[in-house]
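For reference, the structure discussed in these notes is given below.
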Amino acid sequence: MKTLIVYASRTGNTEQLASLLYENCSEAGMEAELIRVEEFDLKWLASYAACIVVTYTWGSGDLPREILPLFEAFEQTELCGLVTGVAGSGDQCYPDYCGAVDRFRDMLYAHTRLAVTLKVELAPQRSDKEKCRKFAEKMIEKAKGAAILN
Ligand SMILES: Cc1cc2nc3c(=O)[nH]c(=O)nc-3n(C[C@H](O)[C@H](O)[C@H](O)COP(=O)(O)O)c2cc1C
């Protein structure tokens, strides 16, 4: 199961979360690739069996500008067999906490096989490690259900 973990991060919190998810996915036996969204070529999206999007939230519950092309690629490409997850870092001081995670969740639910979502307050803490382990488990469960993984 080739899994893409693609992330957007401005000040490093989301990058830490993406790295933690990468560690947990690798430990769970998934063949994962960790890539910053600016370095990801959208034409490869359909070549993965699974994809985890990791994003911060900007503005008033908005998607970061650099992740918009990826969002649109999910909407425009035939990916109904792709197992997906979305995770993100946000700040509870804002009324639309992790709004970008919610926007990806709704879109991925409609266009892919969405397995799991996760919201983390700012940088991941010790208590978030277990949540990341469970996130990886849920991705694998969904992939087994989709017969991508035996
Ligand atoms: C201008 C600005 C707007 C933000 N808007 C939101 C928001 O609407 N909702 C939210 O949950 N967090 C919001 N945040 C908080 C960031 O998403 C949060 O700090 C996140 O951890 C940043 O991730 P990064 O370190 O990977 O860049 C905002 C931060 C800034 C600076």
- If you go through segment 91-107 one residue at a time, do you hit one that is more than 21 Å from Y56 (Cβ to Cβ) and open to solvent by 70 Å² or more (accessible area, probe 1.4 Å)? no
- Query: What about G88, is it open to solvent by less than 10 Å² (accessible area, probe 1.4 Å) and more than 23 Å from A32 (Cβ to Cβ)?
  - Reply: no
- Filtered residue count, segment 108-134, keeping only those that are more than 16 Å from the ligand (Cβ to nearest atom), touching a residue at least 24 places away in the same chain (Cβ under 8 Å) and open to solvent by 70 Å² or more (accessible area, probe 1.4 Å): 3
- How many residues are away from the ligand (no atom under 16 Å from the Cβ), surrounded by fewer than 15 Cβ atoms within 10 Å (Cβ to Cβ) and part of a helix (DSSP H, G or I) if we restrict to segment 59-78? 4
- Item | Every residue from segment 1-58 that is more than 16 Å from the ligand (Cβ to nearest atom), part of a helix (DSSP H, G or I), under 18 Å from F104 (Cα atoms) and open to solvent by less than 20 Å² (accessible area, probe 1.4 Å) | L45
- Per the list (1) assigned to a helix (DSSP H, G or I); (2) at positive phi, residue check on A147 breaks on (1)
- Query: Could you say whether any residue in segment 30-43 is farther than 21 Å from L118 by Cα and of a type in the set (A, V, I, L, M, F, W, C)?
  - Reply: yes
- Any idea which of (1) assigned to a loop (DSSP other than H, G, I, E, B); (2) within 16 Å of the chain's Cα centre (by Cα) is the one A100 doesn't satisfy? (1)
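The values are calculated or read from the model by the stated rules, or taken from the named source; none is laboratory data. Please read all numbers here as calculations on a predicted model, not as lab measurements. Using ideal geometry, Cβ is built from the backbone for each residue, glycine included, and neighbour counts are taken over all protein chains shown. Side chains are part of the model used for accessible areas, which takes the heavy atoms of the whole protein and leaves out ligands, DNA and RNA. Shrake-Rupley method; radii C 1.70, N 1.55, O 1.52, S 1.80 Å.
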